[in-house]
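In what follows, a structure is listed as structure tokens, so that the remarks can point back to it.
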Amino acid sequence: MTDNTQRGPATGPISDPELPTQYTPAAVEGALYERWVERGYFEADAKSDKPPYAIVIPPPNVTGTLHLGHAFQHTLMDALTRRKRMQGFEALWLPGMDHAGIATQNKVEQQLAEEGKSRQDIGREAFVARTWRWKEEYGGRILGQMRRLGDGVDWSRERFTMDEGLSRAVQTIFKKLYDDELIYRAERIINWCPRCMTAISDIEVDYQDDEGELVSLRYGEGEDSVVVATTRVETMLGDTAVAVHPDDERYRHLVGKRIKLPLTDRTIPVVADTHVDPEFGTGAVKVTPAHDPNDFAIGRRHGLESLTIMDERAVITAPGPFEGLDRFEARAAIVEALREQGRVVAEKRPYVHSVGHCSRCKTTIEPRLSLQWWVKVEPLARAAGDAVRDGRVTIHPKEMEKRYFDWVDDMHDWCISRQLWWGHRIPVWYGPNGEQICVGPDDEPPAGEGWTQDSDVLDTWFSSALWPFSTLGWPEQTPDLAKFYPTDVLLTGHDIIFFWVARMMMFGLYAMDKEPFHTIALTGLVRDEHGKKMSKSNPNSVDPLTWMDAYGSDAVRFTLATGANPGADVPIGEDWVKASRNFANKIWNATRFALMNGATVEGPLPDASRLSAADRWILSRLGKVVTEVDAYYDDFEFAKLSDALYHFAWDEVFDWYVELTKSVFAKGGEAAQTSRRVLGEVLDVTLRLLHPVVPFVTDTLWTTLTGRESLVIAEWPTTVSVPGAGSGAFRDEAAEAEIGLVQKLVTEVRRFRSDQGLQPGQKVPAALALDGTALAPHEDAIRQLLRLLPPGEEFHATATLPVAGASVALDLSGVIDVAAERKRLTKDLGAAEKEKADTTRKLGNEAFLAKAPEPVVAKIRTRLATAEADIARITAQLDALPPA
RNA sequence: GGGCGUGUAGCUCAGCGGUAGAGCGCCGCCCUUACAAGGCGGAUGUCGGCGGUUCGAACCCGUCCACGCCCA
């Protein structure tokens with residue numbers, strides 16, 4: 001095919017046609033990547049006339065390093081953008097990182113701890129400065145690793161959620177939401193991590209079944225006593241009521257009374273609340289409004305006091321003997337104290353129940369009553385849901401839609417304040433007389449005595465939610481924003497559909513009035529070769545860099561792409577990466593063969609009338625693969641497109657077409673000239689098709705083959721067309737059938753040779769009877785493939801193999817292994833007889849003939865005819881065999 | 001408890017109404033001048049169980065069993 005890229009000297013390390021016999025990724029990848037970047041191939045031009053195609057990278061955590069999950073998603077995003085770039089789109093893949101509030105702050109606090117200091121010791125300003133230094137020094141290791149993987153991202157547009165522009169975006173949208181009364185401050189029960197010492201949102205809590213204890217306690221005295229059960233005994237110090245169901249006869253006499261709370265000098269009311277489940281436990285529950293979300297709700301309904309009995313480290317603050325104890329120490333001590341008073345009625349231990357843990361540090365969450373900032377999500381979430389319901393945004397795979405709807409249609413308000421120092425500080429100032437002012441990016445903060453800024457920062461996901469437009473310059477109306485928003489595809493793991501995807505949808509629709517992307521492609525998780533989950537904490541975790549070092553980035557990429565069935569988890573193992581490496585090497589050597597035999601891409605393809613059947617066959621197949629791969633790309637079927645290319649390249653081009661050209665090249669002349677051009681074409685197009693997935697080896701080979709600048713900026717193949725074969729995509733079913741016969745005959749004789757114990761290289765005299773069959777023009781190729789010698793004077797056929805009207809007679813110069821041959825033929829006969837029986841049965845079924853569609857019946861008839869012919873042929877062969 | 005999904009060759013997975021497939025692994029022969037990171041040939045499955053629909057079921061329906069994920 002032609003191309004608009006400029007001709008230039010071949011620049012790869014293999015410009016010498018004498019390529020080494022093995023592909024060495026390490027020798028080309030690093031330099032090749034830097035060349036791509038230096039030449040600006042990945043830099044998008046907002047002023048271009050080309051249609052835009054944009055993907056923003058799910059920003060990795062600034063503290064992170066590349067793991068297989070990144071490698072997987074990046075491979076897919078890279079493939080998508082590389083193809084679109086080749087298709088003539090102004091393709092932008094925008095990179096960057098998020099500031100990872102808690103994780104980054106933890107890193108710096110650890111550093112400080114090693115110096116015996118805390119962040120409080122050095123103060124907020126110094127701490128933030130130090131965190132920036134940490135980021136410059138240690139952060140972003142993943143960016144270098146992305147280069148190793150070959151990510152074709154636009155580094156000139158790299159962004160960081162804490163950089164100036166994105167911080168301005170955060171402040172802008174905060175102010176807008178605040179003014180629209182979609183952000184508010186309220187005292188609620190939040191998920192508190194006593195180790196990180198911050199609030200976290202609902203979805204940052206991981207629930208797991210833990211072994212705890214269930215203790216039943218008797219509150220009150222005599223007639224006025226009631227038994228309640230709890231897994232968190234220590235919270236009883238903060239109880240301000242006992243609740244029962246209003247219809248529960250057992251406790252009716254107690255409702256409205258006050259009973260004594262043990263270990264304290266307080267009495268607490270018994271309240272009736274319909275939310276209490278009379279079937280669960282004793283039907284009476286203790287109520288601790290300041291330390292449990294359900295209890296908080298009961299407290300609000302009954303006007304109960306909320307009594308906070310722990311500090312932010314989860315140390316008991318309630319005055320008395322337990323003050324100063326950690327929550328778990330206090331739990332044991334309080335059980336002991338109650339037991340001494342005879343108030344422990346029952347204990348179940350271990351008691352397995354679901355407990356929330358901080359997703360960052362695994363510490364048990366302590367529900368805590370505190371004053372936090374919230375986003376009122378209802379209108380935002382509804383819009384986010386509608387965008388998908390209305391079809392403006394498509395989720396792949398579709399099964400994930402339900403999960404998305406379940407979430408956005410029943411979303412709780414989002415707690416966005418974090419008690420951290422590293423992050424976007426909440427732009428709200430409090431005045432000396434209770435004033436509260438939200439400061440926009442262009443506003444001056446209030447000056448004067450007594451004004452202070454809110455000390456909290458925003459959830460990191462708050463800034464990540466702006467990513468598809470903040471990275472393009474919003475709130476400024478930049479050319480980038482005009483050109484590339486909305487972006488096209490958002491590709492990420494299904495595990496962050498709530499954390500990130502839904503929130504981008506909400507903020508994108510709110511701030512831009514336009515959904516941030518039209519397609520959400522969700523991937524599964526990377527697993528090991530036995531399907532076990534891979535994570536940093538598991539020993540099965542593999543650093544993709546070690547595999548890239550050993551086998552090349554292309555091998556890792558191809559393996560991941562081959563495993564990428566939509567939405568499904570991807571298992572990966574070293575053996576599979578090796579197999580991909582072998583594939584890259586195979587491509588290398590096939591191209592090497594082509595170059596050694598003068599394959600060329602120069603000039604138009606020869607006229608169809610000059611092409612051999614093999615030429616027409618492979619071009620026809622090539623055209624089909626082009627179509628197939630394109631369709632798979634549009635459906636995010638990376639596994640299928642990789643598989644299709646693997647099999648086309650290896651099974652058809654390398655195993656058959658290349659082998660068929662050998663006899664042509666040996667003979668020389670015009671036919672050889674033609675095949676050189678066809679082979680060049682087939683490799684040219686195949687390398688283009690493979691390039692988005694395995695960019696390094698393909699670009700290295702393609703520049704050598706074509707002498708052109710780079711495959712990165714080459715055109716994506718659309719169709720294969722051949723001069724003189726009519727307009728449009730070239731197809732030649734006749735040639736495909738003809739080569740199919742060649743393959744059948746060759747395979748048949750190979751089986752015979754193998755069964756007869758002939759060594760693969762051993763040459764055998766043979767007489768071919770091909771006249772009058774489609775095989776006639778292929779005698780040279782058949783002799784070459786089967787290593788057949790022309791029959792000499794002494795030729796005496798010892799075995800004759802009939803195939804498709806033709807036959808091959810071989811002179812094995814001696815006795816053939818009759819037993820082996822009989823065994824082979826008997827096996828074939830068995831298969832043919834089974835086929836005959838199966839098809840005869842079907843055709844004897846009148847219901848089948850009456851109801852099955854005609855093409856199906858015809859097909860079965862053909863199968864029967866074939867089976868009968870096979871039986872006749874094989875029987876004749878068996879009969880011709882000398883007796884055993 | 002609710003929802004989604006998965007059980008197909010030794011392993012990892014495609015196929016989702018008309019002859020059971022791939023990769024890796026396995027067995028045999030071969031260093032045949034592109035490639036041993038290779039070539040050629042071969043073996044391997046009551047398609048989780050049971051029932052139903054259909055001319056026909058790995059595929060559709062019901063049910064049971066096992067496993068995974070999400071939510072509560």
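Each value in this text was obtained by applying a stated rule to the coordinates, not by laboratory testing. What you see is a predicted model, and the numbers here were worked out from it, not measured in a lab. Positions of Cβ are backbone-derived with ideal geometry, glycine not excepted, and every protein chain shown enters the neighbour counts.
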Less than 19 Å apart at the alpha-carbon level, and either on another chain or at least 8 residues along: which lysines does that give for A:Lys640?
A:Lys84, A:Lys398, A:Lys624
To check you understand DSSP bridge types, tell me what percent of the beta bridges within chain A (both residues inside) are antiparallel, rounded to 5.
70
Starting from the Cα-Cα distance between A:Ser813 and A:Ala631, subtract it from 0.36 nm times their residue separation and give me the gain in nm to one decimal.
60.2 nm
Would you mind checking the range A:776-798 for residues with the amide N under 20 Å from a putative spin-label position 7 Å along Cα→C-beta of A:Ala737?
A:776-779
Rough spin-label spacing in nm, given labels placed 7 Å along Cα→Cβ, for A:Asp311 and A:Ser216:
3.8
Computed, not fitted: 222 nm per-residue ellipticity of chain A from DSSP H runs ≥ 4 (each -39500 (n - 2.57)), nearest 500, equal to -13500 deg cm²/dmol
Chain lengthening between A:Met596 and A:Arg266 when straightened (0.36 nm per residue, less Cα-Cα):
109.3 nm
Tell me, A:Asp209, A:Asp413 in order of fewest to most beta-carbon neighbours within 10 Å?
A:Asp209, A:Asp413
If we count other beta carbons within 10 Å of each Cβ, what is the order of A:Cys193, A:Cys415, A:Cys361, A:Cys438, fewest first?
A:Cys361, A:Cys438, A:Cys415, A:Cys193
Within the range A:147-164, whose backbone N sits under 12 Å from a point 7 Å along Cα→Cβ of A:Glu476?
A:164
Put a dot 7 Å past each Cα toward the Cβ at A:Val857 and A:Met197; how far apart are the dots in nm?
8.4
Note the full-extension length gain between A:Glu378 and A:Ala767 as 0.36 nm times their separation in residues minus their Cα-Cα distance, in nm to one decimal.
131.8 nm
So if we plug the beta-carbon distance of A:Lys176 and A:Asp49 into 1/(1 + (r/R0)^6) with R0 = 41 Å, what FRET efficiency do we get, rounded to 0.05?
0.75
Whole Å is fine, so just give me how far the alpha carbon centre of the range A:279-356 lies from that of the range A:813-882.
79
Mean Cβ neighbour count within 10 Å, used as a protection proxy, ranking A:118-126, A:582-590 highest first
A:582-590, A:118-126
Please list, by residue number, everything in the range A:349-376 whose backbone N is under 14 Å from a paramagnetic label point 7 Å out along Cα→Cβ of A:Glu279.
none
Sorted by packing (mean other beta-carbon atoms within 10 Å per residue), highest first, where do A:734-745, A:485-496 land?
A:485-496, A:734-745
Given A:96-106, A:214-224, A:723-733, the highest-first ranking by average Cβ count within 10 Å works out to A:96-106, A:214-224, A:723-733
A correct fewest-to-most ranking of A:Met310, A:Met197, A:Met504, A:Met86 by other Cβ atoms within 10 Å would be A:Met197, A:Met86, A:Met310, A:Met504
A:Gln436 versus A:Leu789, label points 7 Å from Cα toward the beta carbon: distance in nm?
9.9
